[in-house]
Amino acid sequence: MQNVEFNIKIAQEVIEYAKKVSAEGLTKGTWGNISVKSGEYVYITPSGYPYDKLKPEDICVVDMEGQRVFGNLKPSSELPLHIQIYLNRPNVSAIIHTHPLYSTIISITQREIPPIVEDAVMILGETLRVSEYALPGTQELAQKALDALGTNNCVFLKNHGLVTVGENLQEAFIATLIAEKTAQVYVEALKVGNISLLPMEHAKLLREKYLTSYRQK
């Protein structure tokens, strides 16, 4: 392994948000994964390790080719997904993958969520897509997730769960909460019947406003 200076603050932040994800019930057991990109390296949760037992030294550090450069534990099996997004979305420095209830329902029943509520449109994107199915942990899944993600901040993985991205972990975590809330709203609205959509031109304006002037840098 390469001799890389380990940033304990980044590792601690990854653990902090892993515990937040668990506390919010956004994933169960050891499922899901979280990462942060720092320079040419990615700090990512280990495979199959309980979030409540994580210590900073348990966080794996890999290079942009997925080679481990720090840590004794095996990185998350979804490492290819994280690497693929970081390589193709230079504005992304944090990724959270979870298995929330309503997001998973969307992933097995829908192809997308249209623009229905303003906060989702602004924070996540106009139309929220479900990727085509591929086996977990594969390069095929990584590519299909990236294709469906596009310039959005979330993507639903077919028959699997949810991936959100952000410039930092706080942004990615908020995106997770908003994506799950939006999925719940859409599922419940489908039960009622008629769904009112935001005009697409308004959705685009809202998204652009959020990206250029609304959110704090």
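Worth a mention:
- Residue check, Thr104 open to solvent by 10 Å² or more (accessible area, probe 1.4 Å) and touching a Gly at 6+ places or on another chain (Cβ under 6 Å): yes
- The single residue among Glu171, Glu118, Glu201 that is open to solvent by 10 Å² or more (accessible area, probe 1.4 Å) and either under 28 Å from Gln12 (Cα atoms) or among the β-branched types (Val, Ile, Thr) (or both) turns out to be Glu171.
- Of everything in the range 88-119 that is touching a Lys or Arg at 6+ places or on another chain (Cβ under 9 Å) and of a type in the set (Asp, Glu), the residue that is nearest to Val21 (Cα to Cα) is Asp119.
- Close pairs (8 angstrom Cβ cut-off, 6 or more residues apart or separate chains): at pLDDT 95 or above and in a loop (DSSP other than H, G, I, E, B) in the range 82-94, of a type in the set (Lys, Arg) and open to solvent by less than 80 Å² (accessible area, probe 1.4 Å) anywhere: Val92/Lys37; Ser93/Lys37
- For the range 197-217, a residue qualifies if it is touching a helix residue (DSSP H, G or I) at 6+ places or on another chain (Cβ under 9 Å), assigned to a loop (DSSP other than H, G, I, E, B) and at pLDDT 95 or above, and the qualifying residues are Leu197, Leu198.
- Residues of the range 174-192 satisfying the condition of being open to solvent by less than 10 Å² (accessible area, probe 1.4 Å) and closer than 20 Å to Tyr43 by Cα: Ala175, Thr176
- Of the residues making up the range 158-185, those that are out of contact with any helix residue (DSSP H, G or I) (no Cβ under 8 Å at 6 or more places or on another chain) and outside any helix (DSSP H, G or I) are Glu167, Asn168.
- Check on Asp147, without any contact (Cβ under 8 Å) to a residue 24 or more places away in the chain and surrounded by fewer than 18 Cβ atoms within 10 Å (Cβ to Cβ): yes
The values are calculated or read from the model by the stated rules, or taken from the named source; none is laboratory data. Here the structure is a predicted model, which is why all the values come from computation and not from measurement. Using ideal geometry, Cβ is built from the backbone for each residue, glycine included, and neighbour counts are taken over all protein chains shown. The accessibility values were calculated without ligands, DNA or RNA, using every heavy atom of the protein model including side chains. Shrake-Rupley method; radii C 1.70, N 1.55, O 1.52, S 1.80 Å.
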